[in-house]
Structures are given as structure tokens and as C-alpha cells.
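Here's the structure we're looking at; comments come further down.
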Amino acid sequence: MKIEEQIKQKLEEAIDILKKFGMPSAQQNERTAYCLLALLNVTPEKKWKNAENPLVGITPMMTFAKEYYKKDYAPNTRETFRRFSTHQDGTSWNCAL
């Protein structure tokens with residue numbers, strides 16, 4: 001499978017997981033999917049069963065999306081990641097993960 005296909009498949013799977021976690025609809029998006037993938041260190045070719053649990057901050061999540069998923073976010077979107085993908089009410093990620 002080509003890397004572009006792996007990326008698309010992994011993003012779709014990550015968004016599906018977010019939905020199954022019961023995340024608010026505002027967090028069921030590509031940006032939050034990249035956060036989930038980074039939090040679990042799931043690269044396009046890695047199977048979900050091989051997910052990890054590294055300690056990852058916002059900027060490393062953005063770097064992960066760029067390095068492994070070819071999605072480049074501008075540095076000024078860091079706050080958007082924090083506020084709309086990882087922060088929300090402060091409980092969503094803690095309960096889900």
C-alpha cells in the first residue's frame with residue numbers, strides 16, 4: 001500500500017476511534033486525529049496493536065503530523081491544537097485514554 005493510502009486509512013481510523021470514544025463533534029476532525037496518532041506514536045505503517053504511550057506535548061504533536069503524515073501546520077496554530085483538540089473541558093482525553 002502506498003504511503004498516501006496508509007495516511008488516509010490511518011486518519012479515517014483515528015477519527016472513527018475519536019467517535020467511539022464519544023469525543024465532542026468539534027473534536028472529531030483531522031487535527032484531533034493527528035493528536036491521537038502522536039499521543040500513541042502510531043505512524044502510517046504501524047499497526048494499532050503496536051501503539052505506545054509516550055509523553056508528548058503540543059509542538060511535538062505538530063512535528064509528528066508533519067514528519068509522518070505530511071501535514072504541516074504553521075507554528076501559530078499551536079494554540080488551536082491546545083484549545084480545540086487537546087484541552088476542551090480537560091476531561092475528554094483523560095477519560096478516553
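The values are calculated or read from the model by the stated rules, or taken from the named source; none is laboratory data. In this text, all values refer to a predicted model and were calculated from it rather than measured experimentally. Remember, those area values only see protein heavy atoms, side chains included, never the ligands or the DNA or RNA. Shrake-Rupley method; radii C 1.70, N 1.55, O 1.52, S 1.80 Å.
Heavy-atom accessible surface of Lys8, to the nearest 10 Å², is about 130 Å², with a 1.4 Å probe and all protein chains retained.
Just so you know, the Rg over Rh for the chain is 0.93, from Cα atoms, with Rh as the Kirkwood radius. Only helices enter this figure: runs of n ≥ 4 DSSP H residues, each worth -39500 (n - 2.57), summed and divided by the residues of the chain, yield -15000 deg cm²/dmol at 222 nm to the nearest 500. Pairs from the list Lys49/Lys71; Lys20/Lys66; Lys8/Lys66; Lys19/Lys70 with a Cα-Cα gap above 20 Å: Lys49/Lys71; Lys20/Lys66; Lys19/Lys70.
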